[in-house]
Amino acid sequence: MSVHIGLMIWKEMKTKEISVSLFAEKMAISKTKAQEIINSPSLDVSLLANVSEILDYNFFSYYEKGKLFSEFSKKETQASAEEIKRLKSLLSEKNKAIELKDKIIQNLSHTVSLLEKVQYR
């Protein structure tokens, strides 16, 4: 699958009404370098990540149609779901511990109150 990523960047710039000058300014590069990016059929991953951030668009999605990215995405999604489940369980345990500590504090406060009443009799 061949993607001319510069063309996709240019289309997104047009959609968002961002000029080459403004794009260059946001990227902190020269206008000439910005034009080179737009004319380039491929880009370095870190540069593409920066462009994606600047234009608030995931340009990597053009490459995710392939099996490699699809499998990676499935594994990553599954791992994330498992981590979320683990963290929810941990959070639930922590909340129960906090509730138990609150009850202990309440009981101790009540005990102190009773002892103070007995002491002042």
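The values are calculated or read from the model by the stated rules, or taken from the named source; none is laboratory data. What you see is a predicted model, and the numbers here were worked out from it, not measured in a lab. Here the Cβ is made from the backbone with ideal geometry for all residues, glycine too, and neighbour counts use every protein chain on show. Surface areas here come from the heavy atoms of the whole protein model, side chains and all, with no ligands, DNA or RNA. Shrake-Rupley method; radii C 1.70, N 1.55, O 1.52, S 1.80 Å.
If you go through segment 33-44 and keep only what is modelled with pLDDT of 95 or more and open to solvent by 90 Å² or more (accessible area, probe 1.4 Å), you end up with GLU36, ASN39. Do we have LYS26 as charged (D, E, K, R) and touching a residue at least 12 places away in the same chain (Cβ under 8 Å) here? In short, yes. Scanning segment 1-32 for residues being open to solvent by 50 Å² or more (accessible area, probe 1.4 Å) and touching a helix residue (DSSP H, G or I) at 6+ places or on another chain (Cβ under 7 Å) gives a total of 6.
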